[in-house]
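Step one of this worksheet: look at the structure below.
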Amino acid sequence: MTRTSAPSVAAARLALTSGHLKSSTSQFSTSARSMEDIKNVTIFGAGLMGAGIAQVAANVGYKVTLCDVTDDALNNGKKIIESSIQRLAKKSPNSPPFSSETVFSNLSTTTDPTRAVSEADLVVEAIVENLKVKQDLFKLLDSSAPRSCVFATNTSSLSVKEIAESCSNDRRK
């Protein structure tokens with residue numbers, strides 16, 4: 001069995017997402033954006049998934065805002081990222097796939113969700129798997145984020161359609 005490195009998996013996922021956005025705009029939304037339009041990414045949830053998404057996005061040059069409900073959660077997210085970078089550097093000592101300097105220079109944190117999305121082009125939520133909590137977050141963000149901002153969910157078990165029902169009709173077009 002061949003093991004694939006984390007950076008190549010992350011790069012493949014970003015390429016796949018980019019391909020979907022470029023080729024599927026009419027299928028999903030009339031307001032969908034291409035990856036070239038996305039400069040500012042906001043991640044909600046600084047746990048393992050959210051921190052990992054933030055790390056990959058910041059490493060490839062996106063300006064990332066990581067948002068969670070407490071400063072302690074955000075500090076823990078930064079520790080998760082640093083630990084991940086160190087772990088990856090040990091696996092690939094000749095060419096570390098992630099740079100702490102690059103990641104942290106592109107990363108900011110906040111506990112204020114309205115501020116977090118004020119300039120966001122893409123929002124990814126990676127919070128607790130609870131439909132009402134995700135709907136409440138998207139409803140709040142819907143009134144705060146720019147109209148052109150794309151909302152995404154990292155849910156593994158909930159209906160994306162049900163999560164999106166809390167957003168305005170304009171956002172869902």
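The values are calculated or read from the model by the stated rules, or taken from the named source; none is laboratory data. Treat the numbers as computed from the prediction; the structure is a model and nothing was measured. As a convention, Cβ positions derive from the backbone with ideal geometry for all residues, glycine included, and neighbour counts pool all protein chains shown. These area figures cover heavy atoms from the full protein model, side chains too; ligands, DNA and RNA do not enter into them. Shrake-Rupley method; radii C 1.70, N 1.55, O 1.52, S 1.80 Å.
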- Item | Single condition Thr109 does not satisfy, out of (1) under 30 Å from Asn169 (Cα atoms); (2) hydroxyl-bearing (Ser, Thr, Tyr); (3) in contact with a strand residue (DSSP E or B) (Cβ under 7 Å, 6 or more places away or on another chain); (4) without any contact (Cβ under 8 Å) to a residue 60 or more places away in the chain | (4)
- Task: Could you figure out which of (1) farther than 17 Å from Gly45 by Cβ; (2) open to solvent by less than 80 Å² (accessible area, probe 1.4 Å) isn't true of Gln135?
- Result: (1)
- Task: Could you identify the single residue in Arg115, Arg87 that is more than 17 Å from Gly45 (Cα to Cα), surrounded by fewer than 19 Cβ atoms within 10 Å (Cβ to Cβ) and basic (Lys, Arg)?
- Result: Arg87
- Task: Could you check how many residues of the range 143-171 are open to solvent by 90 Å² or more (accessible area, probe 1.4 Å), over 19 Å from Val41 (Cα atoms) and either in contact with a Cys (Cβ under 9 Å, 6 or more places away or on another chain) or not hydroxyl-bearing (Ser, Thr, Tyr) (or both)?
- Result: 4
- Message: Within the range 118-131, take every residue that is among the β-branched types (Val, Ile, Thr) and more than 19 Å from Arg171 (Cα to Cα) and give me the one that is surrounded by the fewest Cβ atoms within 10 Å (Cβ to Cβ).
- Response: Val128
